[in-house]
Amino acid sequence: MASAKDKLDITTQLVHAGERTKPPSGQPTSTPIYASATFTYESMEEIDQVFAGDKPGYIYTRYGNPTVNAFEDAICTAEDGATACAYSSGMAALHAALFACELSPGATVLASQDLYGATTSQLQTIFGSFGIKTTTADFSDLDGLRAKATEAKPRVLIAETISNPLLKIFDIDACAGIAWAVGARLIVDNTFASPYLCQPLKHGADIVVHSATKFLSGHADAMGGVAISRDQADSMALIGVMKLVGGVLSPWEAHQILRGLKTLAVRMDRHCENAAALVEYLRNHPRIGRVYFPGFAAAEERDVAQRILRDNHMGALVSIELKDNSRAAAFRFMDALKLCVRSTSLGDVFTSVLHPPTASHRDLSPARRKQLGISDGLVRISVGIESIKDIIADIEQALEA
Ligand code: PLP
């Protein structure tokens, strides 16, 4: 017997056929991509209840989406947080985390001097235009940091677990104590470490942020960000930014990143093992002037690295200066690489190289870069999961070149 749908014109059938069928009885073993901007219900009464929050349910993907929620649940568990909210990029997540700290005109943010360039720019340009002041400090100098915090009375302290691009480590527990003493909150960008190497909330951080574009996703094919808080009360503000600023993570990207998370531990094991082996190779190489690697600079930093990072996992990033520490020599070396990819990101399965003064820290003035120790010849290597033999052979031939 012909159903009502069969009586519809083909033009209409093409629009509606196959849609909104009852879900199958077997549960999908992998979270499907809910590629739907909107959600419908049996009645207007039900829609009203969902809008009012009296009944759980999805309404509109900018307000929440099952695939995005699955990723948020997974990363919240991995970071041991109370609530997580995902965004379209790491920058959007940083903005949301800072907003959740109730920054109002006149408030101060005490930022690590060793931050990703765009994070510093966001603080200065976006938050600066609303009358929020940013002052910077060296977070590895605890006495200096304490003095600055006491003087500036900041609302927020912000730093990276492993800093970009000089790979410095900071004592999260001690900094959380300093923040607490002045009534400030501590935001930690955990992008370079990932929750497999470090869980900053367990060390006293209030909010953890990730560029999920990097290790969480791991394959250079998705862009996203996430903020995870130890305090459920932050979810209102984090979700508020998601809904009203609208930088939401798409369900497609959420699916890619959720898949990436499943192999994070095994990838990080190999990334870190390869990075440590590369450091051993580079440290006495006649063409290398200096190697930057967590815990490398001083015994004190090594102690902190051993305390906050997973055993024998000092991260996957290695920064180097050639003996000829010039931009021209760095470019020659990078251009000569055949396997390692010249890329503007990090944390991917393949080994990639980046020149911070040209890319991640381009917006800083040359004088500021010099002050921070980011030399014209600095090269940042994100060590991949390939055979270390092949990575070293490629770097060897490029150094000879
Ligand atoms: N945080 C760090 C440490 C980064 O390196 C980056 C990007 O390189 C970001 C945040 C911003 O992330 P996204 O590019 O996903 O916005």
What spacing in nm lies between the two simple spin-label points modelled at D54 and Q124, each 7 Å away from Cα in the Cβ direction?
5.2 nm
Stretched fully, the stretch from R287 through V245 gains (0.36 nm per residue minus C-alpha distance, one decimal, in nm) 10.3 nm
Could you give the size of the charge dipole of the range 325-368 about its Cα centre, using +1 on the Cβ of each K and R and -1 on the Cβ of each D and E, expressed in debye and rounded to the nearest 20?
140 debye
In the chain, with Lys and Arg counted as +1 and Asp and Glu as -1 at Cβ, which of these residues, Q27, A297, F170, has the Cα nearest the positive end of the dipole, that is, farthest along it?
A297
Under a 5 Å amide H to amide H cut-off, with H placed in plane at 1.01 Å, what residues pair with L166 once short-range neighbours are removed?
none
Would you grab the residues whose amide H sits under 5 Å from the one on E386? Only those 5+ places off in sequence or on another chain, please, with H modelled 1.01 Å from N.
T351
Percent relative contact order of the chain, based on C-alpha pairs within less than 8 angstrom and at least six residues apart?
16 percent
Local electrostatic count, L94, Cβ distance below 12 Å [Lys/Arg +1, Asp/Glu -1]:
-2
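Between rounded, prolate and oblate, where does the range 12-86 land on the alpha carbon gyration tensor, with a ≥ b ≥ c its root eigenvalues, rounded for a/c under 1.5, else prolate if a/b exceeds b/c?
Note, shape of the range 12-86 comes out oblate.
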For the range 18-24, in order, what is each residue's ³J(HN,Hα) by Karplus, 6.51 cos²θ - 1.76 cosθ + 1.60 with θ = phi - 60°, in whole Hz (x at glycine and Pro)?
x, 8, 6, 7, 5, x, x
I need to check one value: relative contact order of the range 42-143, counting alpha carbon pairs closer than 8 Å and at least 6 residues apart, in percent.
18 percent
C-alpha center-to-center spacing [the range 307-375, the range 377-392] in angstrom:
11 Å
So the angle from the long Cα axis of helix 251-262 to the longest Cα principal axis of the chain, reported in degrees to the nearest 10, equals 50 degrees
Quick one: putting +1 on the C-beta of Lys and Arg, -1 on the C-beta of Asp and Glu, what dipole do you get for the chain around its Cα centre, in Debye to the nearest 20?
720 debye
With all protein chains present, how much of the accessible area of the chain (probe radius 1.4 Å) comes from carbon and sulfur, to the nearest whole percent?
54 percent
Within the chain, which is the longest segment containing none of the GluC sites (Glu not before Pro) that sit in a DSSP loop and have at most 10 other Cβ atoms within 10 Å?
43-401
For the range 105-121, what does the Karplus curve 6.51 cos²θ - 1.76 cosθ + 1.60, with θ = phi - 60°, yield as ³J(HN,Hα) per residue in whole Hz, taken in order and with x for Gly and Pro?
x, x, 6, 10, 10, 9, 9, 4, 5, 9, 10, 3, x, 5, 5, 4, 5
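If you put +1 on each Lys and Arg Cβ and -1 on each Asp and Glu Cβ, how big is the dipole of the range 46-262 around its Cα centre, in Debye rounded to 20?
Charge dipole, the range 46-262, about its Cα centre: 240 debye, nearest 20.
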If the chain between H219 and Q371 were fully extended at 0.36 nm per residue, the gain over the current Cα-Cα distance would be 51.3 nm
Given the candidates Q199, S229, G240, the one whose Cα lies deepest towards the positive end of the charge dipole of the range 194-268, counting +1 at each Lys or Arg C-beta and -1 at each Asp or Glu C-beta, is Q199
Per-pair calculated FRET efficiency, R0 = 51 Å: T135 and R62 via Cβ, rounded to 0.05
0.90
Please work out the average accessible area per residue across the chain, using the 1.4 Å probe convention, and give it in Å².
47 Å²
How large is the helix-only mean residue ellipticity at 222 nm for the chain, computed as the sum of -39500 (n - 2.57) over DSSP H runs with n ≥ 4, divided by its residue count, in deg cm²/dmol to the nearest 500?
-11000 deg cm²/dmol
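Once you list every other residue whose beta carbon is under 12 Å from the beta carbon of A254, what net charge do they have if Lys and Arg are +1 and Asp and Glu are -1?
Around A254, the charge tally is -2.
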Charge tally for neighbours of E45 with beta carbon under 15 Å away, counting Lys, Arg as +1 and Asp, Glu as -1, is -3
With θ taken as phi - 60° and the coefficients 6.51, -1.76 and 1.60, list the Karplus ³J(HN,Hα) couplings across the range 161-173 in order, rounded to whole Hz; mark glycine and proline as x.
3, 10, 7, 9, x, 8, 6, 7, 10, 10, 7, 4, 4
Separation of alpha-carbon centers, the range 129-188 and the range 210-261, rounded to whole Å
24 Å
Taking H placed 1.01 Å from N in the peptide plane, check which residues at least 5 places from K55 or on another chain put their amide H under 5 Å from its amide H.
V50
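The values are calculated or read from the model by the stated rules, or taken from the named source; none is laboratory data. Fair warning: this is a prediction, and the values are worked out from it, not measured in the lab. In this analysis, Cβ positions are derived from the backbone assuming ideal geometry, glycine residues included, and neighbour counts consider all displayed protein chains. Areas reflect the complete protein model, heavy atoms only, side chains present, ligands, DNA and RNA absent. Shrake-Rupley method; radii C 1.70, N 1.55, O 1.52, S 1.80 Å.
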